[in-house]
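Engineer: Here it is, the structure in full.
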Amino acid sequence: MQHEGNMHQTGVEITADLTIPKLFYQKATKYGNDRVAMREKEFGIWRPITWQDYLENVKYLALGLISLGLVEGDKVSMIGDNRPEGLWAEMATLCARGIGVWLFRDCLIDEVKYIIDHSDTKFLFGEGQEEVDKAISIINECPKLEKIIWDDPKGMRNYEEDYLISLKELQQLGRELDEEKPELFEEMVNKGSGEEVALLFYTSGTTALPKGALLSHHNMLTMGQHLMAVDPCKASDDYVSYLPFAWIGEQMMSISCGLQIGYTINFPEEPETAQENIREIGPHVMFAPPRMYEQMTRTVQVKYLDSTWIKRKLYEFSTYVGYKVANLKFDKKPVTWYWRALEWLASITIQKKLKDHLGLSRVRNAYTGGAAMGPDHFRFFHALGVNLKQIYGQTEVAGISVVHRSGDIKFDTVGHPIPGTEVKIGEGGEILTRSPSVFLGYYKNPEATEKTLIDGWLYSGDKGFIDDDGHLVVFDRTKDVFTLKDGKPFAPQYLETRLKFSPYIRDSWVIGDNKDYISAVLCIDYAVVGKWADEKKLNYTSYQELSQMPEIYDLVEKQIRQANKDLPDLAKVVKFTNLYKELDADDDELTRTRKLRRAFVEKRYDDIVNALYSDNDSVHIDTTIKYEDGREAHIKTDLQIRKVAD
Amino acid sequence: MAGSNALNPGDVLLELTDVHMSFGKVVALAGVNLKIRKGEIHSVIGPNGAGKTVMMNCINGLYHPQQGTISYKGQKINHLKPYQRAKLGLSRTFQKVEVFGGMTVLDNIRLGRHIHFKSGIASGSVWAGKTAKEEIEHRAFIEEEIIDLLEIESIRHKPVGMLPYGLQKRVELGRALALEPELLILDEPLAGLNLEEVEDMARFILDVNEEERWKVTCLLVEHDMGVVMDLSHQVFVLNFGYTIIDGTPEEVQNNPEVIKAYLGEEDLYATRR
């Protein structure tokens, strides 16, 4: 299936010559000081950065990199929070004809080392002391790494290593070079073509070491154009950038779309203030992985439980109406005047306020992608009147390939391919994609490239099918699909997302491939369950203790029964246990984008898996956990195993 | 608040000479001598009931010693009230946090800034002219120097009473810093904090002491020996009103009397870590 659309909605014609720096230079010189390119909240105030400021900062950084010795094709890595300096560094790298690499801020030292070493990084932009410390500890093992650039001076007063340089000093070097060769920057920017590599992006990888996907300028730019052909953005729009730049979705919004349409990118003050800052900005477009929406749902559910009787009743009324209308729309049935009137009432009493609190009051299009989202969460947002759409994509296609269209949304599908994109189902139900945004290959990994990229088609490793309406349905990762006792295939993530709709359950892991029944390992939400326990006057001192209380098991069992409802018997959770800790990316249990690494957890917790398929009612755990700074703690506990009552 | 007679690092900032303080027959301080030099972190350690908090209360003016002198920058301050000492640049935090629970974080910190307000009642009552200008300047100071330093952006509008204890301690430090003190008295800033909070707080103390912007002399009362020995330039050991030693962390750790006073704590360097 293929869709054509308006290719020039953004007013930018993507020729074979166009590169990201060329487009950046065009836009920045066109808008100058008249338009705000980005905003950052600092010291409690939103501070605007015009396109002119953006250009100047990027220019001197790029020239600074040249004076440090950057040559064409050198890799420059970036690590840190979302902040203007991060985007400047990336843009400067591209302008200086280098290749950008982003790392997740919370990467452990080993992961940083692997990526810096594998990518042959020459320069590293770290934000502050924490990132610099990580870099210093690996610099001896990464011989190609020459300089570390930092921008936040906090705590940096006692660092005197030669290979450290501040962002300001680097820009000063750039200024000096600019005085010497005033034409240099423009010359550099005007070089090159769209086919050249722009970014080297490491995929999170649920199974093996991360692989570095090479993305060209053309990949990135066509991605933005095709997405905006479906859902046009406006230059006056606001977008909040708070998800890691190391995630392709954030690149798609900040670079691919942001640069073409020129909307304002807003950076929150601190990661902890993101939700509050989103509310202050009220973005028009939003793209986040399901966990963000799950968090919002949880917030609403918990606040609902906390509020007064009258508020609860009003909320119940508005959700009743909201769900009813959303279901009519899903079914493409007409909404009668009667329901329209009730919807209006629900909107002015509850929905509007709620959306405002969640920062969704101005959102035209909200996207979720990067992992599966449960239908319950999905319906929740539509019942609120938020135009939430599923997308399907991956790093290898520079972002997304399939998205819902407004008015044609089905909560169990991901929609139609975006323009310029062909999607078909290959052997064994594998989803294949072909488009101008399909990546160039994996860096230093021809075997993986050969397996993934065949005749221009991208082999995703995801299992899916196309339904009667032409929507793509993503079942699960092919290797994750279970075979139930009756031989039928079953997607564990479907059940996992259903379980996570409960505010009390933060993470879930479903087991049952080729087993007699399905069981689940659950992680309670410490804050929500803790509050519930406080209200019930239950005493506990730690997550571990709380998770093992019989009352909590009762509570969780109730949530499972809710999730089991309407499922065929074989797909129901029969046994479960509460894990003594939360699943954590630092322990390799989740990827940095919080996807479950199934094979790893199965190996790590094989005692628990075995116990769930035995007659035991508890399992003894004796293990050591490691903290981010290398400290270790010993854990000895018994996990109860409970059978879900019918 | 820099005084008129600015001192150089190493000059004596605060001096206690033969300070006696007793409550009835209970002798809390029996002739304490202490010199705090500008720029240092000077710690006071000692067993519970040794008289550490009494000593702090004498310095900041909550108690008035019966005998001996306390001088600040060479000037005797025995007779001064706490707020007068605060004006000289003396600020403190308390062992058990003393914040205004019903007020927001920002308001608590603003309170520490009150001393720097110069505009009068007239302009204050209509919030115009000088007052408005001043308030904006002070808010900028609080945002740029304190909230940023202590990383409390996400709670600035929250009532302090709703916050966990660790954050309340941080807010109290913020309020003490709002005064822009030259000497900061920290009475057990780490008590009741978890490991992560201890590390954060230790870093803040170092920042305040070392950052060019602050360069605040710190008088630290603390039980966490690991932190005391790591942070301090000088350690003063008090034992039921008497001074055992006032020396560098190494000298203190090797002093037999100190080891005796801490009988049972074989390794003085023991810490929660």
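The values are calculated or read from the model by the stated rules, or taken from the named source; none is laboratory data. All figures in this text were calculated on a predicted structure; none of them were measured in a lab. Cβ placement follows ideal geometry from the backbone for every residue including glycine, while neighbour counts extend to all protein chains displayed.
Engineer: Identify, from the list A:444, A:463, the residue that is in contact with a strand residue (DSSP E or B) (Cβ under 9 Å, 6 or more places away or on another chain) and assigned to a strand (DSSP E or B).
Structural biologist: Among A:444, A:463, only A:463 is in contact with a strand residue (DSSP E or B) (Cβ under 9 Å, 6 or more places away or on another chain) and assigned to a strand (DSSP E or B).
Engineer: Would you mind telling me which numbered condition in (1) farther than 23 Å from residue B:176 by Cβ; (2) touching a helix residue (DSSP H, G or I) at 6+ places or on another chain (Cβ under 8 Å); (3) of a type outside the set (Gly, Ala, Ser); (4) free of Cβ contacts under 8 Å to residues at least 60 places away in the same chain residue B:103 fails?
Structural biologist: (1)
Engineer: Quick one: in the stretch A:138-158, of everything that is away from chain B (no Cβ under 14 Å) and aliphatic (A, V, I, L, M), which residue is nearest to residue B:149 (Cα to Cα)?
Structural biologist: A:149
Engineer: Sticking with this one: Among A:507, A:516, A:566, which is the only one that is touching a residue at least 60 places away in the same chain (Cβ under 8 Å) and closer than 22 Å to residue A:294 by Cα?
Structural biologist: A:507
Engineer: Looking at residue A:304, is it within 14 Å of chain B (Cβ to nearest Cβ), surrounded by fewer than 23 Cβ atoms within 10 Å (Cβ to Cβ) and modelled with pLDDT under 95?
Structural biologist: Here the answer is no, as residue A:304 does not meet what is asked.
Engineer: Follow-up question, since we're still on this one. Looking for something in the same structural domain as residue A:127 (by TED's automatic domain parsing), closer than 20 Å to residue A:360 by Cα and more than 16 Å from the chain's Cα centre (by Cα) - is there at least one such residue anywhere in the stretch A:214-222?
Structural biologist: Checked the stretch A:214-222: no residue is in the same structural domain as residue A:127 (by TED's automatic domain parsing), closer than 20 Å to residue A:360 by Cα and more than 16 Å from the chain's Cα centre (by Cα).
Engineer: Report yes if residue A:186 is touching a strand residue (DSSP E or B) at 6+ places or on another chain (Cβ under 8 Å), in contact (Cβ under 8 Å) with a residue 24 or more places away in the chain and within 30 Å of residue A:437 (Cα to Cα), otherwise no.
Structural biologist: No.
Engineer: Now for a separate question. Would you confirm, using the coordinates I've provided, whether residue A:313 is more than 26 Å from the chain's Cα centre (by Cα) and basic (Lys, Arg)?
Structural biologist: Here the answer is yes, as residue A:313 does meet what is asked.
Engineer: Still on this structure, I have one more. Quick test of your reading of the structure: residue A:97 fulfils all but one of (1) under 26 Å from residue A:593 (Cα atoms); (2) of a type outside the set (Asp, Glu); (3) surrounded by fewer than 23 Cβ atoms within 10 Å (Cβ to Cβ). Name the failing condition by number.
Structural biologist: So residue A:97 meets the others, but not (1).
Engineer: Kindly evaluate residue B:185 against the criterion of being out of contact with any Phe, Trp or Tyr (no Cβ under 6 Å at 6 or more places or on another chain) and either touching a residue at least 12 places away in the same chain (Cβ under 8 Å) or under 18 Å from residue A:272 (Cβ atoms) (or both).
Structural biologist: When the stated conditions are applied, residue B:185 passes them.
Engineer: Mind telling me which of the residues A:242, A:293 ends up being within 14 Å of another protein chain (Cβ to nearest Cβ), within 22 Å of residue A:393 (Cβ to Cβ) and either under 18 Å from the mean Cα position of the chain (by Cα) or not hydroxyl-bearing (Ser, Thr, Tyr) (or both)?
Structural biologist: A:242
Engineer: Exactly one of (1) farther than 25 Å from residue B:217 by Cβ; (2) in contact with a Ser or Thr (Cβ under 6 Å, 6 or more places away or on another chain) is unmet by residue B:162. Its number?
Structural biologist: In the conditions (1) farther than 25 Å from residue B:217 by Cβ; (2) in contact with a Ser or Thr (Cβ under 6 Å, 6 or more places away or on another chain), residue B:162 misses (2) alone.
Engineer: Let me ask something additional. List every residue pair whose Cβ atoms lie under 8 Å apart, where the two residues are 6 or more positions apart in sequence or sit on different chains, the first residue falls within the stretch A:268-288 and is under 26 Å from residue A:227 (Cβ atoms) and within 14 Å of chain B (Cβ to nearest Cβ), and the second residue, located anywhere, is among the polar types (S, T, N, Q) and part of a helix (DSSP H, G or I).
Structural biologist: A:268/A:277
Engineer: What are the residues in the stretch A:138-154 that are surrounded by 14 or more Cβ atoms within 10 Å (Cβ to Cβ) and over 30 Å from the mean Cα position of the chain (by Cα), if any?
Structural biologist: A:146
Engineer: If you don't mind, there's one more thing I want to ask. Please state which one of A:161, A:186, A:169 is away from every other protein chain (no Cβ under 14 Å), in contact with a Gly (Cβ under 9 Å, 6 or more places away or on another chain) and surrounded by fewer than 20 Cβ atoms within 10 Å (Cβ to Cβ).
Structural biologist: A:169
Engineer: Quick test of your reading of the structure: residue A:375 fulfils all but one of (1) out of contact with any Asp or Glu (no Cβ under 8 Å at 6 or more places or on another chain); (2) surrounded by fewer than 20 Cβ atoms within 10 Å (Cβ to Cβ). Name the failing condition by number.
Structural biologist: Going through the list (1) out of contact with any Asp or Glu (no Cβ under 8 Å at 6 or more places or on another chain); (2) surrounded by fewer than 20 Cβ atoms within 10 Å (Cβ to Cβ), residue A:375 breaks only (1).
Engineer: Just for the stretch A:449-467: of the residues that are aliphatic (A, V, I, L, M) and crowded, with 16+ Cβ neighbours inside 10 Å, which one is nearest to the chain's Cα centre (by Cα)?
Structural biologist: Looking at the filtered set, the residue picked out is A:458.
Engineer: Would you pick out the residues in the stretch A:65-111 that are over 17 Å from residue A:20 (Cβ atoms), of a type in the set (A, V, I, L, M) and within 23 Å of the chain's Cα centre (by Cα)?
Structural biologist: A:79, A:103, A:108, A:109
Engineer: Take the stretch A:18-52 and flag every residue that is assigned to a strand (DSSP E or B), within 14 Å of chain B (Cβ to nearest Cβ) and not hydrophobic (A, V, I, L, M, F, W, C).
Structural biologist: A:40, A:41, A:42, A:47
Engineer: Just checking, how many residues over the stretch A:330-345 are of a type in the set (Asp, Glu) and either surrounded by 14 or more Cβ atoms within 10 Å (Cβ to Cβ) or outside any loop (DSSP other than H, G, I, E, B) (or both)?
Structural biologist: 1
Engineer: Given the residues A:418, A:431, A:425, which is the only one that is surrounded by fewer than 17 Cβ atoms within 10 Å (Cβ to Cβ), over 21 Å from residue A:332 (Cα atoms) and not assigned by TED's automatic domain parsing to the domain that holds residue A:497?
Structural biologist: A:425 is the lone residue from the list that is surrounded by fewer than 17 Cβ atoms within 10 Å (Cβ to Cβ), over 21 Å from residue A:332 (Cα atoms) and not assigned by TED's automatic domain parsing to the domain that holds residue A:497.
Engineer: Do we have any residue at all in the stretch A:125-141 that's within 23 Å of residue A:215 (Cα to Cα) and out of contact with any His (no Cβ under 7 Å at 6 or more places or on another chain)?
Structural biologist: Taking every residue of the stretch A:125-141 in turn, at least one turns out to be within 23 Å of residue A:215 (Cα to Cα) and out of contact with any His (no Cβ under 7 Å at 6 or more places or on another chain).
Engineer: Check the stretch B:216-227 and report whether any residue there is within 11 Å of another protein chain (Cβ to nearest Cβ) and either of a type in the set (A, V, I, L, M) or within 18 Å of residue B:94 (Cα to Cα) (or both).
Structural biologist: Scanning the stretch B:216-227, I find no residue that is within 11 Å of another protein chain (Cβ to nearest Cβ) and either of a type in the set (A, V, I, L, M) or within 18 Å of residue B:94 (Cα to Cα) (or both), so the answer is no.
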